[in-house]
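**Q** Got a structure for you, questions after.
The values are calculated or read from the model by the stated rules, or taken from the named source; none is laboratory data. The model shown is predicted, which means the values in this text are computed figures rather than measured ones. Every residue, glycine as well, gets a Cβ built from its backbone with ideal geometry; the counts of neighbours run over all protein chains shown. Ligands, DNA and RNA are excluded from the accessible area calculation, which covers all protein heavy atoms including side chains. Shrake-Rupley method; radii C 1.70, N 1.55, O 1.52, S 1.80 Å.
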Amino acid sequence: MSRTVAKAWVVSDDSHAGATQVPDDPDMGTLIAARFRLLVALELAVSAALGFYRLGTPSLWLDEAVSWCTASGSWSYLFSRAVAGEDTGGFLFAALVHLWIPLAGSSETALRLPGVLFGLATTALTIWTARRLWSRDTALWAGAVTAIHPSLIGASRTARGYVLLVLVAAWCLHLLTRQWQQSRRTGGVAMAVAALVAPMTHVFGVFLVAGTALCSWLIASRVEPGPEGRRLTVTRSSLNQIASAARPLVPFVPALAFALLWALAMRGRIRANLAVFWTSGSLLRDHATVVVVLLVPVVAGCVCLWWFEPRHRRRALVIGAAALTTPVWIGPILVSLLASGGHHFVNIRYAIALLPLGTLAFGYVLSCLPMRFAVVALLLGSVAVAANLHDKNTYATATRDGSETRDAAAFLRGHMAPGAALLVYPDYERVSLDYYGVAAGGCPASRPDVGPGAPRAEPWRRGRPTWIVAFNETAATIPAGMRADIETWRFGRLVVTRAVPRLRGE
């Protein structure tokens, strides 16, 4: 069985197999290359459109407001919040936003713009990697899958550091491809920088470093058994080569050392997260989501690689994919075993470093299908992506959880008297109101006079109206023992209540 390729679209090359298909007409090769560049530009335009469209429309949600708060203060404040785990367990994204805000401002669009650029770079880098590994048609399929991947779209349109980790993963994958294709070790400095950036972006970036280091070591452990060329094989006769192959692990030493030091600096937050964390749902359900969205594309790609690739290539590609995937997939599960509460750390955002490998692998799957089936599969996938983006309010005015925070804050600014008593449920959502100009006391970097350390007496005992803001609640929460006349306004899932305490005897 052979791969199905559209001859009018592609010139295939395979430096490992030593076979190159060249069109009979040299001008046709130039035309095909030009068409390839045009289609790549089209895919990047689609990726940019999905990222930039209505970028400032959704209200900032809690995690984005935390990113704004972390980046709005001094460098010392930024570092203190990073150690407290506010910037996705790292500090690099907050540092970039800290430098970005004086240039672009802190509007919703400005805060989210770097993420869109990172997502666009991820799409371009995936196309580049697929072109080096296979052919132009595979590169186009991989680029199309990456451009419409809902997790990439969602992460890139959020002022949070996860999309930066995706870009780092795509860069590591590209560097590994270059290392595998070239007989001499190259890109050591670039690999060291990429590996160091991963734990600076997210504490779980260490799993990406581990997977990349293992894959790099396996590539360097290749032997040349004869006419089949290079392959990933470890035998007794190759122990000397394996010993010398440890040298490619040197670029990863700074990253692993930093990850250890950073974990020590964050040990207080790590202990707290092991005791209590927000992911208290079903471990089986959350893991199934990770498997379907991130792992299944990798597995499907490996199956097609084993079926269609030449023997001397398929083993290297499949083993390399497994080596890169396993730590990123298993890492959060192992950390979950250390948790003392009824929670876990299995979530798409904590395994999102698998996304570039998954889109690359699934692009290969589509390139193996007949053109009409691949197009239908891509169209069906696009419909599913559109439904997912609608469910997540990606382009709506509400936040991803359905709260119209911007409108609620505007209402409060227009109706709440200065210094009025304010209750927020849950209390940590105060930072979201602070971003929209309500002095809720959730971001000491921007409002040190009303920071979270300020005393908060029970306002309903002061004999004055109390404003109650309940995020993600179906009904407002009235403090126990409080007798009041209330008025309620709804902004999506967010409920604002004005409670006027009654005098005694009423």
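**Q** Is there a residue in segment 104-111 that is assigned to a helix (DSSP H, G or I), over 23 Å from A170 (Cβ atoms), within 17 Å of the chain's Cα centre (by Cα) and of a type outside the set (K, R)? Explain how you work it out, then say what you get.
**A** Of segment 104-111, the ones assigned to a helix (DSSP H, G or I) are 104, 108-111.
Narrowing the set further to residues that are over 23 Å from A170 (Cβ atoms) leaves 104, 108-110.
Keeping just the survivors that are within 17 Å of the chain's Cα centre (by Cα) gives none.
Looking through segment 104-111, none of the residues is assigned to a helix (DSSP H, G or I), over 23 Å from A170 (Cβ atoms), within 17 Å of the chain's Cα centre (by Cα) and of a type outside the set (K, R).
**Q** Here's another thing I want to ask about it. If you check G115 against the conditions, is it assigned to a loop (DSSP other than H, G, I, E, B), touching a helix residue (DSSP H, G or I) at 6+ places or on another chain (Cβ under 8 Å) and open to solvent by less than 40 Å² (accessible area, probe 1.4 Å)? Full working, then the answer.
**A** On the way: assigned to a loop (DSSP other than H, G, I, E, B): no; touching a helix residue (DSSP H, G or I) at 6+ places or on another chain (Cβ under 8 Å): yes; open to solvent by less than 40 Å² (accessible area, probe 1.4 Å): yes.
No.
**Q** Quick test for you: out of A192, A147, A94, A169, pick the one residue that is in contact with a helix residue (DSSP H, G or I) (Cβ under 7 Å, 6 or more places away or on another chain), of a type in the set (A, V, I, L, M, F, W, C) and surrounded by fewer than 22 Cβ atoms within 10 Å (Cβ to Cβ).
**A** Checking each option against the conditions leaves just A192.
**Q** Could you list, in sequence order, the residues of segment 267-288 that are assigned to a helix (DSSP H, G or I), surrounded by 13 or more Cβ atoms within 10 Å (Cβ to Cβ) and not small (G, A, S)?
**A** R269, I270, N273, L274, L283, D286, H287
**Q** Right, next: Of the conditions (1) among the small types (G, A, S); (2) open to solvent by less than 40 Å² (accessible area, probe 1.4 Å); (3) at pLDDT below 90; (4) in contact with a Leu (Cβ under 9 Å, 6 or more places away or on another chain), A408 satisfies every one except a single condition; which number is it?
**A** So A408 meets the others, but not (3).
**Q** Under the condition of being of a type in the set (G, A, S) and at negative phi, which residue from segment 385-405 is surrounded by the most Cβ atoms within 10 Å (Cβ to Cβ)?
**A** From segment 385-405, those of a type in the set (G, A, S) are 386-387, 396, 398, 402-403; that's our starting set.
From what's left, at negative phi: 386-387, 396, 398, 403.
Working: A386: 13, A387: 11, A396: 17, A398: 20, S403: 26.
Per the stated criteria, the residue is S403.
**Q** Which members of segment 338-371 meet the condition of being farther than 23 Å from R285 by Cα and in a loop (DSSP other than H, G, I, E, B)?
**A** Matches in segment 338-371: L369, P370.
**Q** What number goes with the only condition from (1) within 21 Å of the chain's Cα centre (by Cα); (2) modelled with pLDDT of 95 or more; (3) in a helix (DSSP H, G or I) that H390 does not pass?
**A** Tallying (1) within 21 Å of the chain's Cα centre (by Cα); (2) modelled with pLDDT of 95 or more; (3) in a helix (DSSP H, G or I), H390 fails exactly one: (2).
**Q** So, A321, is that one at negative phi, among the aliphatic types (A, V, I, L, M) and surrounded by 14 or more Cβ atoms within 10 Å (Cβ to Cβ) or not?
**A** On the way: at negative phi: yes; among the aliphatic types (A, V, I, L, M): yes; surrounded by 14 or more Cβ atoms within 10 Å (Cβ to Cβ): yes.
So A321 fits the description; yes.
**Q** Turning to a different aspect of this structure: Please work out if D434 is open to solvent by 20 Å² or more (accessible area, probe 1.4 Å) and either of a type in the set (D, E) or under 27 Å from S282 (Cβ atoms) (or both). First the steps, then the outcome.
**A** Details: open to solvent by 20 Å² or more (accessible area, probe 1.4 Å): no; either of a type in the set (D, E) or under 27 Å from S282 (Cβ atoms) (or both): yes.
Taking the combined requirement at face value, the residue does not satisfy it.
**Q** Could you give me the residue pairs with C-beta distances under 6 Å whose first residue belongs to segment 368-383 and is more than 16 Å from G301 (Cβ to Cβ), whose second residue is modelled with pLDDT under 95 and of a type in the set (K, R) wherever it lies, and which are 6+ apart or on separate chains?
**A** Here the result reads none, with nothing in segment 368-383 linked to a residue that is modelled with pLDDT under 95 and of a type in the set (K, R).
**Q** Please specify each residue of segment 30-60 satisfying the condition of being aliphatic (A, V, I, L, M), buried (at least 21 other Cβ atoms within 10 Å of the Cβ) and within 24 Å of Y436 (Cβ to Cβ).
**A** First, the residues of segment 30-60 that are aliphatic (A, V, I, L, M): 31-34, 38-42, 44-46, 48-50, 55, 60.
Now drop any that are not buried (at least 21 other Cβ atoms within 10 Å of the Cβ), which leaves 50, 60.
Scanning segment 30-60 gives a single hit, L60.
**Q** Moving to a separate point now. Which of the residues that make up segment 61-89 are open to solvent by less than 20 Å² (accessible area, probe 1.4 Å), in a helix (DSSP H, G or I) and in contact with a His (Cβ under 9 Å, 6 or more places away or on another chain)?
**A** T70, A71, L78
**Q** Filter segment 304-316 for residues that are outside any loop (DSSP other than H, G, I, E, B) and in contact (Cβ under 8 Å) with a residue 60 or more places away in the chain; which is nearest to W180 (Cα to Cα)? Walk me through how you get there before you give the answer.
**A** From segment 304-316, those outside any loop (DSSP other than H, G, I, E, B) are 304-308, 311-316; that's our starting set.
Next, only the ones that are in contact (Cβ under 8 Å) with a residue 60 or more places away in the chain stay: 304, 307-308, 311-313, 315-316.
Numbers: C304: 20, W307: 20, F308: 19, R311: 16, H312: 13, R313: 10, R315: 13, A316: 9 Å.
If we take residues in segment 304-316 being outside any loop (DSSP other than H, G, I, E, B) and in contact (Cβ under 8 Å) with a residue 60 or more places away in the chain, then A316 is nearest to W180 (Cα to Cα).
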